[in-house]
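Undergrad: Handing you this structure, nothing more for now.
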Amino acid sequence: MKTKMRLQHIVLFCVGFFPITLMAQDRNIPNWRPYDKTGINVFEGAKDTSTYFDGIKPRIGAGFTMQFQNLKHENPTALNNTVGSYSSSTGSVAGNKLKDITAGFQTAQANLYFDVPLAPGITMNLTLYLSSKHHNETWVKGGYIQIDRLPFRNEVLDGIMKYATIKVGHMEVDYGDAHFRRSDCGQTLYNPFMESNIMDAYATEIGAEVYLKHNGLFGMVGVTNGMIKGNVDSLYYKNNADGKLHKSPSLLAKVGFDKKLAEKFRLRASLSYYGNQSSGSNTLYGGDRSGSNYQYVMEEASSNPSSTTGAGTPLAFSGRFNPGFTKKINAGMFNVFAKYSGLEVFGTYEKSSGRNASEAKTRDASQYAVDAVYRFFPKENVFLGVRYNEVTARPANSTAGTGAGAITYTQDVKINRVALAAGWFVTNNILMKGEYVVQKYKDFPTADYRSGGKFNGYVIEAVVGF
């Protein structure tokens, strides 16, 4: 009933508000990333102080995605490959057989965007998830104010603001460059493939970021609350092995170079850092509130399949790996992007370490990914792509485990993915794309349901963005 009422509110909002707003919609949003094909390969955006301000005229945008999936999975070396009965008291099931899946359509996803110029050089963004796999009701992803020009005149500050940009709000943190190419709920148009990296570095947090940009060089420093939402409660009642009950902010930094070096050649390289030394619940690798674009793959079977697996794990993030650095984390990412004519190459190398609240020692995780995409024809409206992604990490030891009980990880585990993709932009706003994917799980102990795991098959996706 709750979902139904929310959908009714959305429909009434669209019918009543959209026609009035669209009449005065402003297309000239400074430093704005378009939600159609022209937004591809846009990262932080160029410094813009010249866009004319013509009053508060909101721009309404949206992203819609629907997928058809035909994937198969297996875990032949899992020790206890059976289905047990679900226990609500322990959140466990006495088996680790994988969930039965068939070919079919996934849940459709939808985003709604508001971009509003508030004053010369000052804009606001608000993003909503209208439909996702993680939540069945409307959620606010986040919102922020971006300042490229101060509302008061000062000679010294005006000189600084020629190169500076300030972002403040509850927003997607700018750690690394991979998050600019990931699929984000209904907005999957920027991503040539179906999914983001296996270890998906993405989070929305409350804070501020300050950028300096000049002649292709850029830098950023930022500070956030280090959690996915506002939180004022104490850590006293949480299991903290180190005894640290304070909450520390997250610190961000980024430096890089992005410039067109010749008529057909663009090169970008960046180095990023994200760190939090005592978080209440950090979600850098689990902050996506929308969900994976591979549905139910490598998930345990359960007598309560609509919400969780037998181990109590949400089914929203299938195919991803979260190292669980919720208490302490230090992460660095290096990215390279090169485009020559229709050929694009994007690379990621990431190294991170951290632990959860119950651990005394840190663990390590690393990943690398590289993809090559070639866009055909003068308008680059057809593309082919290939991607390889590999993660090496030490999971946290489990005290609950699956049906086999506690799991001790004595060595690193590995996950790798190979994806082949093709797409066609029917218009700048309409994309059809498909992908064939193979993902393998290696060195997981037999007590882990992912032991010997593998999934493969294809996903077809239809996308609208405007």
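Undergrad: Note down the nm distance, to one decimal, between modelled labels 7 Å out along Cα→Cβ at Asn70 and at Phe265.
TA: Between Asn70 and Phe265, the simple spin-label model gives 4.3 nm.
Undergrad: Next question. Suppose the chain between Leu343 and Thr408 were pulled fully straight at 0.36 nm per residue; how much longer would it get relative to their current alpha carbon spacing? All intermediate terms of the calculation are to be shown ahead of the outcome.
TA: Working: separation 65, 0.36 × 65 = 23.40 nm, distance 4.46 nm.
Length gained between Leu343 and Thr408: 18.9 nm.
Undergrad: How large is ³J(HN,Hα) for each residue in segment 155-161, as worked out from phi by the Karplus curve 6.51 cos²θ - 1.76 cosθ + 1.60 (θ = phi - 60°), to whole Hz, x for Gly and Pro?
TA: Using θ = phi - 60°, the values come out as 4, 5, 5, 4, x, 5, 6 Hz.
Undergrad: Test of understanding: ordering Glu461, Glu44 by Cβ neighbours within 10 Å, fewest first, what list do you get? The partial results should precede the final answer.
TA: Details: Glu461 24, Glu44 21.
Ranked by crowding around the Cβ, least crowded first: Glu44, Glu461.
Undergrad: Can you give me the three principal axis dimensions of segment 319-451 from its C-alpha atoms, in Å, biggest first?
TA: Principal-axis extents of segment 319-451 (Cα, largest first): 56, 30, 24 Å.
Undergrad: Note the direction-averaged projected area, equal to a quarter of the hull surface, for the Cα convex hull of segment 85-227, in nm². Each step should come with its number before you reach the end.
TA: On the way: hull surface 51.9 nm².
Average projection, Cα convex hull of segment 85-227: 13.0 nm².
Undergrad: Another question, if that's okay. How much length is gained if the chain between Tyr52 and Leu245 is pulled fully straight, taking 0.36 nm per residue apart and subtracting their Cα-Cα distance, in nm to one decimal? The partial results should precede the final answer.
TA: Values: separation 193, 0.36 × 193 = 69.48 nm, distance 4.91 nm.
Gain on stretching Tyr52 to Leu245: 64.6 nm.
Undergrad: Then there is this: Please list, in order along segment 426-435, the HN-Hα scalar couplings obtained from phi with the Karplus expression 6.51 cos²θ - 1.76 cosθ + 1.60 (θ = phi - 60°), rounded to whole Hz, x for Gly and Pro.
TA: Karplus values, whole Hz, x for Gly and Pro: 4, 9, 5, 9, 10, 10, 10, 9, x, 8.
Undergrad: To continue, here is another question. Want the number for Tyr273 to Ala108: 0.36 nm per residue separation, take away the alpha-carbon distance, what's left? Write out the running numbers ahead of the final one.
TA: Values: separation 165, 0.36 × 165 = 59.40 nm, distance 3.40 nm.
Between Tyr273 and Ala108, full extension yields an extra 56.0 nm.
Undergrad: What order do you get for His135, His179, His214, His170 when you list them from fewest to most C-beta neighbours inside 10 Å?
TA: Values: His135 15, His179 21, His214 11, His170 18.
Going from sparsest to densest Cβ surroundings: His214, His135, His170, His179.
Undergrad: Moving on to the next point. Hey, rough spin-label estimate for Val438 and Ala462, points 7 angstrom out along Cα→Cβ, what's it come to in nanometres?
TA: 3.1
Undergrad: If you rank Ile145, Ile160, Ile29 by fewest surrounding Cβ atoms within 10 Å, what's the result? List each step's numbers first, then the result.
TA: Values: Ile145 16, Ile160 11, Ile29 21.
With the sparsest Cβ surroundings first, the list reads Ile160, Ile145, Ile29.
Undergrad: Between Asp200 and residues 5 or more places away or on another chain, which pairs have amide H atoms under 5 Å apart, with H built 1.01 Å from N, and which residues are they?
TA: Phe321
No lab work stands behind these numbers, since they all come straight from the coordinates. What you see is a predicted model, and the numbers here were worked out from it, not measured in a lab. In this analysis, Cβ positions are derived from the backbone assuming ideal geometry, glycine residues included, and neighbour counts consider all displayed protein chains.
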